[in-house]
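A quick write-up on the structure given underneath.
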Amino acid sequence: MKYKLFVFDWDGTLMDSQAHIVASFQSSIRDLALPPKDDNEIKNIIGLGMKEAINALFPQGDDSFHVLLMERYRYHYLIDSQSRSELYPGAHEALEKLTQLGHLLAVATGKGKTGLKRVLKETGLGPFFHSTRCADETSSKPHPQMLLEIMEELDMQPDETLMIGDTEYDLEMASNAGVASLAVSTGVHERERLLSHNPVACIAHIGEMLGWLQDTQ
């Protein structure tokens, strides 16, 4: 198999967390009596780091506003939210099989470190991953820094690495890092939008990944 390192986005790729994220943002916006945003506006920023997401929704906000909205969002996402996020069918099986085959696995996500640690523990997926990078540790997607740092840490080259994600931010990050990408159309960006970034393929959901890999060998 050509690829030795598989780097996964989290939200929308391995976990169906769209409703949870949107609900947490909407609750935060109501808490602060901010101008309303429709669900599609919020969905479009999923995958960005929190600072970049807030800038996209409320470009006039200053640093103190960012801190306040981040605090409300984290409260609703981590503590108060009534919605639940579940792994997509086939996610655990794909990670388990790739590990059995001796591949390195990593996560590059717009989530914060606290949120990622929580879901890795809750899902039991933490032991599968050799490296993780979050948007509050380094540059947010589509900047290539997350991938560059992961590859350096694991001593992998760009041509040995595959980025798997559901948004154009994932695919653009991969392109910026000189890395191939595999698009997954379970997230917020439609298939045509993903294909415009020239992934090696676009699968319908993460459960199709192992079959696609077998077909490409």
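The values are calculated or read from the model by the stated rules, or taken from the named source; none is laboratory data. Everything numeric in this text was worked out from a predicted model, so none of it was measured. So basically every Cβ, Gly included, is an ideal-geometry build from the backbone, and we count neighbours across all protein chains shown.
Observations on the model:
- Any hit, the range 40-51, residues being out of contact with any Pro (no Cβ under 8 Å at 6 or more places or on another chain), of a type in the set (A, V, I, L, M) and under 27 Å from Y3 (Cβ atoms): yes
- In the range 18-62, of all residues being of a type in the set (G, A, S) and in contact with a His (Cβ under 9 Å, 6 or more places away or on another chain), the one that is nearest to T109 (Cα to Cα) corresponds to G47.
- Test: L116 is within 19 Å of W212 (Cα to Cα) and at pLDDT below 95: no
- Residue match in the range 14-33 (condition: in contact with a helix residue (DSSP H, G or I) (Cβ under 9 Å, 6 or more places away or on another chain), at pLDDT 95 or above and under 30 Å from G211 (Cα atoms)): yes
- Only one entry in S185, S196 is outside the structural domain of E41 (by TED's automatic domain parsing) and in contact with a Cys (Cβ under 7 Å, 6 or more places away or on another chain), namely S185.
- Of residues in the range 34-88 being of a type in the set (G, A, S), in contact (Cβ under 8 Å) with a residue 12 or more places away in the chain and outside any loop (DSSP other than H, G, I, E, B), the one nearest to P144 (Cα to Cα): A53
- Positions within the range 40-74 being hydroxyl-bearing (S, T, Y) and over 20 Å from the mean Cα position of the chain (by Cα), in sequence order: S64
- Qualifying residues in the range 7-28 (those that are surrounded by fewer than 21 Cβ atoms within 10 Å (Cβ to Cβ) and touching a residue at least 40 places away in the same chain (Cβ under 8 Å)) - the one nearest to L120 (Cα to Cα): D16
- Answer from Y73, Y88, Y77 - the residue that is crowded, with 17+ Cβ neighbours inside 10 Å and touching a Phe, Trp or Tyr at 6+ places or on another chain (Cβ under 8 Å): Y73
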